[in-house]
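To start, the structure itself, in C-alpha cells.
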Amino acid sequence: MTQIALSNLGKKFGSFTALAQMNLTIGDGEFVALLGPSGCGKSTTMNMIAGMVDPTEGDIRFDDRSILDVPMSRRGVGFVFQNYAIFTHMSVRENLAYGLRAQGVSASERNRRVNAMADLLQLTPMLDRRAAGLSVNILQRLAIGRSAVVEPAIFLLDEPLSNVDAAFRSVMRSELKALQRQFSQTLVYVTHDQLEAMTMADRIAVMDHGKLLQVGTPLEIYNNPQDVFVARFIGSPGMNILEGTIASSDEGKLVDLASAGRSAPLALSDRAASQGLPEKVLFGFRPEQVNPDPNGIMALPVNFVERIGARTILHLGGDGIEAKAVLDNQIAMPSIGDILRFSIDPKMVRLFDPVSGIAIGGDI
Amino acid sequence: MRRSLPFELLRYAMILLIIAISLVPTLWMLSMAFKPIAEWSASGAALTWWPENPTLDNFRFIFGQSSSELIVSLERTAARPIMASLLAAIVGTLIAMTAGTAAAYGLSRFGKGNNLPLALIQLRLFPPMAVMIPLMIMWSFLGLIDNWFGLAVVYGIVTLPFAFWLMKTFFDDMPREIEDAALVEGCTRLRVFAVITLPMMRPALASSALFVFIMNWSDYLIALLLTTRDWVTIPVYMTSLSSSMTGQLYGAKAALGLIAAIPPVILGIAIQKHLVRGLTFGALKE
C-alpha cells in the first residue's frame, strides 16, 4: 500500500519536452487513469514511475521516500505493457510464476498463488500450454496475472486493453476494477480511451502535450472541464465549442454566436461575475444538452445524421461553425438541410477564455 | 492476378533451366562418387550419368583401404582432415557466436553512437590476402601454424562481424518491453539475459550459427595458408587427391565432396524450424 507523489516531474528527450512540471499525488489504494491522446506524455510519466526512464527534473516519491535512485528491479511495482511482453518460450504457468521465482518465494507458496491467480483470471485450462500460441485476449489476461500475482503495492498498466477486441475489452474493464478492489493496490492506468478511464478510475488526470491539464473524478472532469482541450476530449462526442462575443440584454449578459444565434442569458457564478468577462469567449455545451425547441433562440443547419442505435448524432454547422447534437430517437428527427432550432439550459453552459483556453469562473 | 498460359510456361521453363544448371554439378559429383575408376576416368561417349558398376571404392580409397584397381597409394587418409575441418569450423563458430552475441547485445541495448558497429563490419572490407601474410607471421611466432586451434581462432575472428551483425539485427528487433517486464519483476540484468533473452533468441542464434558455420566450413584460402600437413582441412586435402600417374583422382574427390556436404545439410535440417522462425522473429503484437 503506497502513495505516489510526483513533484515538478519533467522529461526532455534532447530539445523535445515530453513532460513538463507534472505535479500529482496518487493516494494509497487509489485508481488513477492518465488520459490523453498519443504523445501527451502519459506513458513517459508511467515509465518514470516504473524506473524505465529517468526524469530530467523533479522527484518521484513512494510514501515520502524518493525512489529516483532505486533501480527498477527494486521499486516493487507491477507493470503491464500494451504489447503484453509475454515470455513466449515459457508455459503459462512459468510466466505466472516468473516474478515469484525472482523474489525467491518457496515452491509451495508459488504454486498456491499461481493457481489462485489462474483461477481468478480463468487461465486454469491453459496453465501448461506454451504462451506462444495463445490468443491476444488470453495473452493480455496472462500479462495482467503475471504482474498481479506478486501483489505489488503499485500496479502500473500501460494501455493494457488497446489491442484486445471490443467485447473482451468491456469484460476486462469490470474484471480489472474487481481485481483492484480485491488487492487494493495503488493503480495507475494509462489510456487514450476515455471510456476506460471514466468507467474504472477513481480520479482521471487529463494530459496533453506533456502537460497535466486537470485532475478530478470522472464526473468532475465531465461536468466541469477546466480547459477547452479537456472539454473537447472528454465525452463522445466531446463538448461543442463555439466562438462568441459577450453581449448585454435586459435579462443580463448573453453570448452572441453569430450565425448560430444568441445564447440564453448566462447563469454566471459569483466568481465569474466578479472576475468580469472578456469580450470574446468560447461558448461550450455538451451535445447531450442540445434541446430541440421550435422557439429556440439558437439555430444551425443539419449536415449529417449519424444513427448509433439508441441515440442519433446530428452534425450541425455552417459558416465556419461546427457542433454536434445527441438526441433520443423518440423525437421527430430532422433531415439533412433542415434548420434545427434548439435551446441550451444556461446552467449547462461552460465558458472558456479564447486565448488561454482556461475555463472562465470555474464552475458556473 | 491471372497470368497468361504462355507466360506461365515460360516462367516454369526458366525456373527448371536454372535448377538444372545449378543441380548438374552436384548430381554429377553424386554419380562420380560411386563410379569405379574405369568409369570416372573415361572420356567422351564412355562417360555416363548413371554408374554402371556402382562401388564404394572411392570412399574406401580416401579412408586408406586401397583397392586393387587404384594403384596409387595415399600419403594420408581423409579421416584427419575431416576432423580438422570439424574442429576448426565448430570451435571457430563458437568463438564468433559467443563474442558476436555478447557484443551485439551490449551495443544493441547500451550502445551510444554508431561507429563501433560500422568499424566491426570494416574488418571485412580488407582483402583477406592483405592481412593473411602478416597473420601467418604472427601465428608462426605463436606456434599456431598447422594447428586446428590456430585455424579456429582465425575463423572466429573472420566470421565475428557476421555473427555480430546478424545478432544485432535480431536484438534490435526484440521488443525491449519483454526485458523491462522481467526487470521490473525483480530480476538482475544478467539473469534476464540468461533466462529470458537468450532462450527467446534461440531461432536467431540457430540461423546465425548455421550461417557462420557454413562460412567456416567452406573456407579454403585461410586453411591453405595456415595449415601445412597435420591439420589440413577437407578443401586443402582435396587438392592433394591426384597422382602423377592418373592425374586428378576425380572419383575420390567426388566421394570427399559428398562427405563434406553432409554437416551443413544435417545442421540445416536440424534447425529448419528455427530458420523459418528466425526470419519471422517477433514475440509480440506490435
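Inspect segment A:16-29 for any residue being outside any strand (DSSP E or B) and either farther than 21 Å from A:Glu151 by Cβ or within 14 Å of another protein chain (Cβ to nearest Cβ) (or both) and give the result as yes or no.
First pass over segment A:16-29, keeping only residues outside any strand (DSSP E or B): A:27-29.
Still in the list and also either farther than 21 Å from A:Glu151 by Cβ or within 14 Å of another protein chain (Cβ to nearest Cβ) (or both): none.
No, every residue in segment A:16-29 fails to be outside any strand (DSSP E or B) and either farther than 21 Å from A:Glu151 by Cβ or within 14 Å of another protein chain (Cβ to nearest Cβ) (or both).
Give B:Phe171, B:Phe162, B:Phe149 a once-over and let me know the one that is among the aromatic types (Phe, Trp, Tyr), out of contact with any strand residue (DSSP E or B) (no Cβ under 7 Å at 6 or more places or on another chain), over 24 Å from B:Ser218 (Cα atoms) and assigned to a helix (DSSP H, G or I). Please lay out each step first, then the result.
Values: B:Phe162 fails: over 24 Å from B:Ser218 (Cα atoms); B:Phe149 fails: over 24 Å from B:Ser218 (Cα atoms).
Of B:Phe171, B:Phe162, B:Phe149, the one residue that is among the aromatic types (Phe, Trp, Tyr), out of contact with any strand residue (DSSP E or B) (no Cβ under 7 Å at 6 or more places or on another chain), over 24 Å from B:Ser218 (Cα atoms) and assigned to a helix (DSSP H, G or I) is B:Phe171.
Scan segment B:1-57 for residues that are in a loop (DSSP other than H, G, I, E, B), farther than 27 Å from B:Leu256 by Cβ and not hydroxyl-bearing (Ser, Thr, Tyr) and report the count.
From segment B:1-57, those in a loop (DSSP other than H, G, I, E, B) are B:1-4, B:34-36, B:41-43, B:47-56; that's our starting set.
Next, from what is left, pick out any that are farther than 27 Å from B:Leu256 by Cβ: B:1-4.
If we keep only those that are not hydroxyl-bearing (Ser, Thr, Tyr) as well, we get B:1-3.
Matching residues across segment B:1-57 total 3.
Check every one of the strands (runs of 3 or more DSSP E) wholly within segment A:306-364 and list those with 2 or more residues that are in contact with a Pro (Cβ under 6 Å, 6 or more places away or on another chain).
A:321-328, A:339-343
Considering segment A:48-72 alone, what residues qualify as being within 12 Å of chain B (Cβ to nearest Cβ) and in contact (Cβ under 8 Å) with a residue 60 or more places away in the chain?
Of everything in segment A:48-72, those that are within 12 Å of chain B (Cβ to nearest Cβ) and in contact (Cβ under 8 Å) with a residue 60 or more places away in the chain turn out to be A:Ile49, A:Ala50.
Does B:Met200 meet the test of being within 21 Å of A:Phe79 (Cβ to Cβ) and touching a His at 6+ places or on another chain (Cβ under 8 Å)? Explain how you work it out, then say what you get.
Working: within 21 Å of A:Phe79 (Cβ to Cβ): yes; touching a His at 6+ places or on another chain (Cβ under 8 Å): yes.
Against the criterion (within 21 Å of A:Phe79 (Cβ to Cβ) and touching a His at 6+ places or on another chain (Cβ under 8 Å)), B:Met200 qualifies.
Here are some residues: A:Gln289, A:Gln275. Which one is polar (S, T, N, Q), in contact (Cβ under 8 Å) with a residue 24 or more places away in the chain and surrounded by 16 or more Cβ atoms within 10 Å (Cβ to Cβ)?
From the options A:Gln289, A:Gln275, the qualifying one is A:Gln289.
Name the one entry in A:Ser108, A:Ser147, A:Ser135 that is within 14 Å of chain B (Cβ to nearest Cβ) and exposed (fewer than 14 other Cβ atoms within 10 Å of the Cβ).
Numbers: A:Ser108 fails: within 14 Å of chain B (Cβ to nearest Cβ); A:Ser147 fails: exposed (fewer than 14 other Cβ atoms within 10 Å of the Cβ).
Of the residues listed, the single one that is within 14 Å of chain B (Cβ to nearest Cβ) and exposed (fewer than 14 other Cβ atoms within 10 Å of the Cβ) is A:Ser135.
Note down all Cβ pairs under 7 Å where the first residue falls in segment A:156-178 and is farther than 22 Å from A:Ala50 by Cβ, the second is part of a loop (DSSP other than H, G, I, E, B), and they're at least six residues apart or on different chains.
Every condition considered, the pairs that remain are A:Arg169/A:Leu161.
Condition first: within 14 Å of chain B (Cβ to nearest Cβ) and either modelled with pLDDT under 85 or crowded, with 19+ Cβ neighbours inside 10 Å (or both). Now tell me which residues in segment A:118-130 satisfy that. Outline the logic, then answer.
Of segment A:118-130, the ones within 14 Å of chain B (Cβ to nearest Cβ) are A:130.
The answer is none; no residue qualifies.
Pairs only if they're at least six apart or on different chains, beta carbon under 6 angstrom, first in segment A:330-351 and modelled with pLDDT under 85, second of a type in the set (A, V, I, L, M, F, W, C); list them, first residue then second.
A:Pro334/A:Val302; A:Pro334/A:Leu340
Listed residues A:Arg75, A:Arg141; which is within 23 Å of A:Val190 (Cα to Cα) and within 10 Å of another protein chain (Cβ to nearest Cβ)?
The match here is A:Arg75.
Output the residues belonging to segment B:177-186 that are closer than 13 Å to B:Met201 by Cα and of a type in the set (D, E, K, R).
We begin by selecting, within segment B:177-186, every residue closer than 13 Å to B:Met201 by Cα; these are B:178-179.
Passing the criteria: only B:Glu179.
Tell me which residues, restricted to segment B:84-111, are without any contact (Cβ under 8 Å) to a residue 40 or more places away in the chain and either of a type in the set (A, V, I, L, M) or in contact with a Cys (Cβ under 9 Å, 6 or more places away or on another chain) (or both).
The first filter runs over segment B:84-111 and keeps only residues without any contact (Cβ under 8 Å) to a residue 40 or more places away in the chain, leaving B:98, B:102, B:106, B:110-111.
Answer for segment B:84-111, where residues must be without any contact (Cβ under 8 Å) to a residue 40 or more places away in the chain and either of a type in the set (A, V, I, L, M) or in contact with a Cys (Cβ under 9 Å, 6 or more places away or on another chain) (or both): just B:Ala102.
For segment B:179-239, give me every one of the helices (runs of 4 or more DSSP H) that falls completely inside it and has 3 or more residues that are within 11 Å of chain A (Cβ to nearest Cβ) and farther than 30 Å from B:Ala252 by Cα. Talk me through it step by step, then tell me what you get.
Numbers: elements: B:189-192, B:202-217, B:221-226, B:234-239.
Filter on segment B:179-239 gives B:189-192.
Looking at A:Ala267, A:Ala258, can you tell me which residue is in contact with a Lys or Arg (Cβ under 6 Å, 6 or more places away or on another chain), hydrophobic (A, V, I, L, M, F, W, C) and surrounded by fewer than 18 Cβ atoms within 10 Å (Cβ to Cβ)? Give the steps one after another, and end with the answer.
On the way: A:Ala258 fails: in contact with a Lys or Arg (Cβ under 6 Å, 6 or more places away or on another chain).
After ruling out the rest, the residue left standing is A:Ala267.
Kindly indicate whether any position in segment A:264-281 is modelled with pLDDT of 85 or more, touching a His at 6+ places or on another chain (Cβ under 8 Å) and not aliphatic (A, V, I, L, M).
no
If we scan segment A:51-59, do we find a residue that is modelled with pLDDT under 95 and within 18 Å of the chain's Cα centre (by Cα)?
No, because not a single residue in segment A:51-59 is modelled with pLDDT under 95 and within 18 Å of the chain's Cα centre (by Cα).
Taking the condition over 19 Å from B:Val184 (Cα atoms), in a loop (DSSP other than H, G, I, E, B) and within 9 Å of chain B (Cβ to nearest Cβ), does A:Asn163 pass?
Working: over 19 Å from B:Val184 (Cα atoms): yes; in a loop (DSSP other than H, G, I, E, B): yes; within 9 Å of chain B (Cβ to nearest Cβ): yes.
So A:Asn163 passes the test.
How many residues are of a type in the set (D, E, K, R) and touching a residue at least 24 places away in the same chain (Cβ under 8 Å) if we restrict to segment A:95-127? Walk me through how you get there before you give the answer.
Of all residues in segment A:95-127, those of a type in the set (D, E, K, R) come to A:101, A:109-110, A:112-113, A:119.
Filter once more, so that each one left must be touching a residue at least 24 places away in the same chain (Cβ under 8 Å): A:113.
Counting residues in segment A:95-127 that are of a type in the set (D, E, K, R) and touching a residue at least 24 places away in the same chain (Cβ under 8 Å) gives 1.
The values are calculated or read from the model by the stated rules, or taken from the named source; none is laboratory data. All values derive from a computational prediction rather than experimental measurement. As a convention, Cβ positions derive from the backbone with ideal geometry for all residues, glycine included, and neighbour counts pool all protein chains shown.
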